[in-house]
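Asker: Let me begin by handing over the structure; questions about it come next.
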Amino acid sequence: MRDEILISLLDRELNQLSRHKVFILTHSGGDPDSICSAYFLRKLLKEIYNVGNVWIDVPGSPTAHVKALIEYFGIGLTQNVEDVDAYIVVDAGSPEQLDEYFEVISRGDKYVIVIDHHSDTVNRYSPNVKVYSSERYQSVTEVIYDLAEYLGYRLELRDAEAILIGLYYDTVRFSIADLDTSSKICRLISKGVILNSILAKLEQTVDTSERIARLKGASRMKIYRFRDWLVVITNVGKFQSSVARSLINLGAHLAIAIGEVDKSRVAASMRASQDFIEQTKINLGIDLAGRIGVKFGGYGGGHASAAHLECNASIEELAEYLVDELKNRLGINPEVLEA
């Protein structure tokens, strides 16, 4: 168990929910980690904590991966439940990521619990919100798994599948899984999970519009060479996270994809290679997305190697500021290369 103190405090908090009506929310659009943790947490609330009613919703519009998981696990989404005693927010580093639920979570008259693993989450929510978050965890699903082990909960096969899927996607298909996560993966597989069979059902074919966005992102990118580090910045109208990931696969150490939300607001997704994060000590969620998002009148956050921000700026303004920030942090004047 990574953090027994955090888990024991979370257990004590959830014990207060007996016979309550609880609404679980993921971040906007959801992802495999958030939906799998919500699915398993609902089971624990009902079977261990004696919670009366538990609903789940995905703010905004569920992504393709989330839709496939909702169908596979038989999760029924419920929208805008009014008669709720408590909200539990999973995997959302800031309240702005809750879209239509932002106001109800932020106004301070509801019992709200946040379970997360992102950088600086505790500072993003109002003081009345109970935040249980630790960057020591690689996913929220892993937090809920540790809670289940702390409770002595006996996993069913479908539980193990959900946990393993959450771990799989938030460790970038196990590529950054550490020793603790790897040990948990082995224990879950020993329960009979056939991972390749599940993934074959859930992996979504990349549609044409997303492929076009990736190609446009590559064709529009500017390449900045900070000695041994290759940083690329591009602009695309949508699929920014997919574009940033694809540019890392092309060879960038740090990729930033920026797109307009409206005439005065932009969104950016950032991805970095593991060696860039380890050697530069730059945390994308804290040092770039979080700080720059607030500076430009917005918000941002995420992990050390993957982050997102939205702010009031133009694409050009944000790109220029990001280059200057990297120049200061790395202490290197970049060479601009031809794409």
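Laboratory data are not the source of any read-out in this text; all were calculated from the coordinates shown. Just so it is clear, the model here is predicted, and its values are computed rather than measured. Please note: Cβ atoms are built from the backbone with ideal geometry, for glycine as well, and neighbour counts cover all protein chains shown.
Asker: Which Cα, out of Leu98, Ala38, Pro62, lies furthest along the positive dipole direction of the chain (beta carbon charges, K/R +1, D/E -1)?
Answerer: Positive-most Cα among the choices belongs to Pro62.
Asker: Per q in 0.11 1/Å, what log10 I(q)/I(0) does a Debye calculation on the alpha-carbon atoms of the chain return?
Answerer: Once normalised to I(0) and log-transformed, intensities are -0.72.
Asker: Before anything else, pin down the relative contact order of the chain: Cα pairs under 8 Å, at least 6 apart, normalised by residue count, whole percent.
Answerer: So the answer I get is 13 percent.
Asker: Toward the positive end of the charge dipole of segment 4-202, about the Cα centre and with charges on Cβ (Lys, Arg +1; Asp, Glu -1), which of Asn80, Asn50, Ile176 goes farthest?
Answerer: Asn50
Asker: What size of dipole, in debye to the nearest 20, comes out for segment 4-202 about its Cα centre when the only charges are +1 on Lys and Arg C-beta atoms and -1 on Asp and Glu C-beta atoms?
Answerer: In debye, rounded to 20, segment 4-202 gives about 540.
Asker: Name the residue, out of Gly300, Gly30, Gly152, whose mean-square fluctuation peaks in a Gaussian network model built on the chain with Cα pairs under 10 Å.
Answerer: Maximum among the listed residues: Gly152.
Asker: Just to be sure I understand the model, the point goes 7 Å from the Cα along the line to the Cβ. What's the resulting Asn328 to Asp207 distance in nm?
Answerer: Distance between the two pseudo-spin positions: 4.1 nm.
Asker: Fewest to most neighbouring Cβ within 10 Å: what's the order for Ser28, Ser197?
Answerer: Ser197, Ser28
Asker: Mind counting lysine pairs for me in segment 133-254? Cα separation below 23 Å, and the two need to be 8 or more apart along the chain or on different chains.
Answerer: The result is 4.
Asker: With only alpha-carbon atoms in the gyration tensor, what are the semi-axes of the equivalent ellipsoid for segment 211-337, in Å, largest first? Show your work: numbers first, answer last.
Answerer: Details: eigenvalues 74, 59, 36 Å².
They are 19, 17, 13 Å, listed largest first.
Asker: Within the chain, what percent of beta bridges assigned by DSSP are antiparallel, to the nearest 5?
Answerer: DSSP beta bridges in the chain are roughly 50 percent antiparallel.
Asker: Report, in debye and to the nearest 20, how large the dipole of segment 76-146 comes out about its Cα centre when Lys and Arg carry +1 and Asp and Glu carry -1 on their Cβ. Before the final figure, lay out the partial values.
Answerer: Values: 5 positive and 14 negative charges, 49 e Å.
Dipole about the Cα centre, nearest 20: 240 debye.
Asker: What value, in deg cm²/dmol to 500, does the helix sum -39500 (n - 2.57) over DSSP H runs of n ≥ 4 give at 222 nm once divided by the residues of the chain?
Answerer: The helix contribution divided over the chain gives -12500 deg cm²/dmol.
Asker: With the chain treated as a Gaussian network of Cα nodes joined by springs under 10 Å, which of Val114, Val172, Val51 yields the largest mean-square fluctuation?
Answerer: Between Val114, Val172, Val51, it is Val172 that shows the largest mean-square fluctuation.
Asker: How long are the three semi-axes of the equivalent ellipsoid of segment 4-202, in whole Å, if each is the root of 5 times an eigenvalue of the C-alpha gyration tensor, listed from largest down? All intermediate terms of the calculation are to be shown ahead of the outcome.
Answerer: Values: eigenvalues 122, 65, 57 Å².
Over the Cα atoms of segment 4-202, the ellipsoid semi-axes are 25, 18, 17 Å.
Asker: Taking 0.36 nm per intervening residue step and subtracting the Cα-Cα distance, what contour gain separates Phe102 from Ile5 on full extension?
Answerer: Separation in residues times 0.36 nm, less the Cα-Cα distance, equals 32.0 nm.
Asker: Over the chain, with a Gaussian network built from C-alpha contacts below 10 Å, which listed residue (Leu17, Leu199, Leu25) shows the highest mean-square fluctuation?
Answerer: Leu199
Asker: Sketch the reach of a paramagnetic label on Asp85 as a point 7 Å from Cα along Cα-to-Cβ, and name the residues of segment 17-34 whose backbone nitrogen lies under 19 Å away.
Answerer: Residues 17-25 fall inside that zone.
Asker: Which residues among segment 223-256 fall inside the zone where the amide N is under 11 Å from a point 7 Å beyond the Cα of Lys216, along Cα→Cβ?
Answerer: The answer is 235-240, whose backbone nitrogens lie closer than 11 Å to the label point.
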